[in-house]
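Below is one structure, written out as structure tokens, with a few remarks after it.
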Amino acid sequence: MELGLYTFADVDPTAEEKGKEGQRRLKNLLEEIELADQVGLDVFGLGEHHRPDYAASVPSVILAAAAAKTKNIRLTSAVTVLSSDDPVRVFQQFSTLDLISNGRAEIMAGRGSFIESFPLFGQSLDDYDQLFAEKLDLLMALRDSEKVRWSGEMRPAIHDRGIYPRPLQDPLPLWIAVGGTPQSVARAGALGLPVALAIIGGEPRRFAPLFDLYREAARRAGQDPAKLKTSINVHGFIADTTDLAADQFYGPQAEVMNRIGRERGWGPTNRAHFDQARGPSGNLFLGDPERVAAKIVENWKVFRNDRFLLQMAIGPMPHDQIMRGIELYGTKVAPLVRQAMAEEKAAAPAV
């Protein structure tokens, strides 16, 4: 199982000097990605947003800067809002990133949990589903062939045009990000694409049937099981002690969840909700390295996921605390998880 991180590059939306605030966050973010590479984590993901509380509207540019500072870690969007972008430009940007990084780029495409990009780029929310379906179809065509013939209703046709540059990886890895909608999971399976499931509330194990649906949809579509991969993407934090992790993470995480909750009509969170969520069956993967590693392994036994991505840099988390969390993730948590999985594999009966 690959272990990694993802973030949206949160900034202070009330900062008066937004340029300086963005510069500060991106400088720190590049240090965080560089450290994640140094401590041996496998993946770093960066989500696209077009809001005052996030600095990553163009993940490919930031990831290209990170590519020059790293050697091994895979660099992915988390997510690319494909519905409101042009698949040709998305493919070109990530192909370029793939060349700069010596074959470490990935695209994680989704419909997006926020809608700001739709009016920004002149797209109608009435076309929410059709936009994604058509643009995903085009993006897959761009991966499959140097010259493309494609037509649809939501974008001008392409008539036997070459799309460049071509990536080093063939094909360029493409994941589908989902938020728990069965139709989205089934679509990924039918297309034979890896799927990343975001779990930011509720009991994780109740989402496990979605991966069964994914694999069944792939089987019915005749997809090669070897192409199927799954990831769970969650919130959490790692510190030297569990109490310290909870005290450091609660305030920033609550601030973000309450801000989004006011927009979406959710009730406010509180410390009791937070403490329940960080319990054994909750959705937060939080604590000292041993506790977090154990929870990752226990959920792997349920999901049998190929990848696990943790979002620690949420809201106004201090940079030094994030850096310590990354260090512990790579040097303490990852070895414990890998050892437990190796032991499980060794104990499995021969087939």
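What the table below lists for this structure:
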read-out: Residue among Val256, Val292 that is within 19 Å of Val43 (Cα to Cα), in a helix (DSSP H, G or I) and either touching a Pro at 6+ places or on another chain (Cβ under 7 Å) or aliphatic (A, V, I, L, M) (or both); value: Val292
read-out: Complete set of residues in region 193-235 that are part of a strand (DSSP E or B) and touching a helix residue (DSSP H, G or I) at 6+ places or on another chain (Cβ under 8 Å); value: Val195, Leu197, Ile199, Thr230, Ile232, Val234, His235
read-out: Positions within region 259-287 being in a helix (DSSP H, G or I), among the hydrophobic types (A, V, I, L, M, F, W, C) and modelled with pLDDT of 95 or more, in sequence order; value: Ala272, Phe274, Ala277
read-out: Candidate set from region 136-149 (those that are in contact with a Phe, Trp or Tyr (Cβ under 9 Å, 6 or more places away or on another chain) and among the charged types (D, E, K, R)); member that is surrounded by the most Cβ atoms within 10 Å (Cβ to Cβ); value: Arg143
read-out: Check on Lys301, among the charged types (D, E, K, R), surrounded by 20 or more Cβ atoms within 10 Å (Cβ to Cβ), over 19 Å from Val256 (Cβ atoms) and modelled with pLDDT of 95 or more; value: no
read-out: Qualifying residues in region 120-135 (those that are over 22 Å from Trp175 (Cβ atoms) and part of a helix (DSSP H, G or I)) - the one most open to solvent (accessible area, probe 1.4 Å); value: Asp126
read-out: Within region 177-193, tally of residues that are open to solvent by 20 Å² or more (accessible area, probe 1.4 Å) and more than 29 Å from Pro268 (Cα to Cα); value: 5
read-out: Tally of residues being in a helix (DSSP H, G or I) and touching a Leu at 6+ places or on another chain (Cβ under 7 Å) across region 236-253; value: 3
read-out: Of all residues making up region 136-192, the number that are assigned to a helix (DSSP H, G or I) and either farther than 26 Å from Leu97 by Cα or touching a Ser or Thr at 6+ places or on another chain (Cβ under 6 Å) (or both); value: 8
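The values are calculated or read from the model by the stated rules, or taken from the named source; none is laboratory data. Fair warning: this is a prediction, and the values are worked out from it, not measured in the lab. Cβ sites come from the backbone with ideal geometry, for glycine too, and all protein chains shown count toward neighbours. Keep in mind that these areas ignore ligands, DNA and RNA; they rest on the heavy atoms of the full protein, side chains included. Shrake-Rupley method; radii C 1.70, N 1.55, O 1.52, S 1.80 Å.
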